[in-house]
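Below is one structure, written out as structure tokens; the observations come after it.
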Amino acid sequence: MADAAESGRRAEAVQEQIELVIAVLHQHHHGEDEKLHPLVRDREPSIGTILDELEKEHALIQKLADDAADRTRPLPERAPVIRELLDVLRPHLALEEAEVFPAITRQVSQAEFEEFVKGELKAAGRRLPVLFGMLLHYALPGERKRLLADVPTPIALLWKAFWRRGYERRVARVYR
């Protein structure tokens, strides 16, 4: 995305993609901070320091995301901010995967997690087809297969029948 922004081409498509990714990121962090982290913190207090660190990073990530989406600045000038955002996100996500996901698995029931996922899907609203495409796009092959097998049947059918082609067109508009 930073390279696409830096090029200055397809500016509106790139801007829309930036805004989409930031909206998804914001919703993801909101869901963690408001729903998942409190459950895990209450049930496994030893993880509290890590959750505190991640929640502080959420504020920095949101600031960088807001700067990346700032339409008052030319798109090419925002490319370094997008790269900085990615530099902050990589270790943040690695820490989540290494420390928090195992705690969620230990402390959050399947029913509670499914309720959380339902809320996230509802919050995605009309962004769901693109969000699902992004998840599949960046998933490893085994993760992709599992994700397609685990989603509700209507979502899998919509992906195969309509959403995949729409996602591929979007990627072509933004990145090619």
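The values are calculated or read from the model by the stated rules, or taken from the named source; none is laboratory data. No experiment lies behind these values; they were computed from the predicted model shown. Here the Cβ positions follow ideal geometry from the backbone for every residue, glycine too, while neighbour counts run over all protein chains shown. Just the protein is used for accessible areas: all its heavy atoms, side chains included, with ligands, DNA and RNA removed. Shrake-Rupley method; radii C 1.70, N 1.55, O 1.52, S 1.80 Å.
Do we find that Leu131 is part of a helix (DSSP H, G or I) and modelled with pLDDT under 90 in this structure?
So Leu131 passes the test.
If you check Val117, Val151, which single one turns out to be closer than 24 Å to Val171 by Cβ and either of a type in the set (Val, Ile, Thr) or open to solvent by 40 Å² or more (accessible area, probe 1.4 Å) (or both)?
After applying the criteria, what remains is Val151.
Assess whether Glu44 counts as being in contact with a Pro (Cβ under 9 Å, 6 or more places away or on another chain), over 17 Å from Val88 (Cα atoms) and not small (Gly, Ala, Ser). No; evaluated as a whole, the condition is false for this residue.
Can you go through Gly119, Gly142, Gly166, Gly133 and tell me which one is touching a Pro at 6+ places or on another chain (Cβ under 8 Å) and at negative phi? Explain how you work it out, then say what you get.
Working: Gly119 fails: touching a Pro at 6+ places or on another chain (Cβ under 8 Å); Gly142 fails: touching a Pro at 6+ places or on another chain (Cβ under 8 Å); Gly133 fails: touching a Pro at 6+ places or on another chain (Cβ under 8 Å).
Answer to the selection: Gly166.
Just one of the numbered conditions (1) open to solvent by 80 Å² or more (accessible area, probe 1.4 Å); (2) in contact (Cβ under 8 Å) with a residue 24 or more places away in the chain is not true of Leu140: (2). The set of residues from the range 1-25 being assigned to a helix (DSSP H, G or I), open to solvent by 70 Å² or more (accessible area, probe 1.4 Å) and more than 29 Å from Glu55 (Cα to Cα) comprises Glu6, Glu12. Restricting Val117, Val151 to residues that are in contact with a Phe, Trp or Tyr (Cβ under 9 Å, 6 or more places away or on another chain) and either in contact (Cβ under 8 Å) with a residue 40 or more places away in the chain or not acidic (Asp, Glu) (or both) narrows the list to Val151.
Of the residues in the range 163-171, at least one is among the aromatic types (Phe, Trp, Tyr), closer than 21 Å to Glu16 by Cα, more than 13 Å from the chain's Cα centre (by Cα) and in a helix (DSSP H, G or I). Checked against the criteria, Glu44 does not count as open to solvent by 60 Å² or more (accessible area, probe 1.4 Å) and not small (Gly, Ala, Ser). Within the range 78-100, being open to solvent by 60 Å² or more (accessible area, probe 1.4 Å), more than 15 Å from the chain's Cα centre (by Cα) and either modelled with pLDDT under 95 or within 18 Å of Glu55 (Cβ to Cβ) (or both) holds for Ala98, Glu99.
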